[in-house]
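The values are calculated or read from the model by the stated rules, or taken from the named source; none is laboratory data. Owing to the predicted nature of the structure, the values given are computational and were not obtained by experimental measurement. Cβ coordinates were reconstructed from backbone atoms using ideal geometry, including for glycine residues, and neighbour counts include every protein chain displayed. The accessibility values were calculated without ligands, DNA or RNA, using every heavy atom of the protein model including side chains. Shrake-Rupley method; radii C 1.70, N 1.55, O 1.52, S 1.80 Å.
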Amino acid sequence: MTVIDGTTRSTPATTARPQPTSGVDVCAAAPKEHPRPAGQDSYTISEVVTFTGLTAHTLRWYERIGLMPHVDRSHTGQRRFSNRDLDWLAFVGKLRLTGMPVADMVRYAELLRAGESTFEERQELLAATRRDVITRIAELHDTLAVLDHKIEFYAGARRAPERHSA
């Protein structure tokens, strides 16, 4: 996934990051192609709704709370989104999946706009979120083990009467 920090693009390094059990590191995957090339990337809110799956209400709310304050406007005042905005929305979507509170996402956006002097604070915010995700993954693994145990129990209970009739 491509993440925009300031004006430069960077793809997160994949070294020192554990691989998912599926063997595919989705963060190392090539960024999705933009619907339009740079320079021709002016999208209406309805187009962004189609591309992202977010609602127009959510996009307006993101702008209002400061999560997307840099959205350009046309001469008639309509929002015009860019490829950079689509990249940012993809990143925000990943943050949402982590369970990061909206207030922390807004804080991250504020730090990003403040520039390079906030690198350490941004890194710590993301590191704390990562720790929370690791904890949630462990909880989900424990839950999965309980479910697997119960599924095996019921599968064994169904087979048990068959054994007695043989």
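Could you rank 52, 129, 76 by how accessible they are, 1.4 Å probe, largest area first? List each step's numbers first, then the result.
Numbers: 52 50, 129 15, 76 95 Å².
Descending accessible area places them as 76, 52, 129.
As a test question: what accessible area, to the nearest 10 Å², does residue 151 have when a 1.4 Å probe is rolled over all protein chains in place?
Accessible surface of residue 151 is approximately 110 Å².
Can you pull out the trypsin sites (Lys or Arg not before Pro) in the stretch 102-138 that DSSP calls coil and that have at most 11 other Cβ atoms within 10 Å?
Numbers: sites: 107, 113, 122, 130, 131, 136; in loops: none.
Nothing satisfies the criteria.
What is the ratio of the Cα radius of gyration of the stretch 35-166 to 2.2 N^0.38 Å, with N the residue count, to two decimals?
Details: Rg = 22.9 Å, N = 132, 2.2 N^0.38 = 14.1 Å.
Dividing the Cα Rg of the stretch 35-166 by 2.2 N^0.38 Å gives 1.63.
Using a 1.4 angstrom probe, figure out how much accessible area the stretch 37-166 has per residue, in square angstrom, rounded to the nearest whole.
Numbers: 8730 Å² over 130 residues.
Heavy-atom SASA per residue in the stretch 37-166 reads 67 Å².
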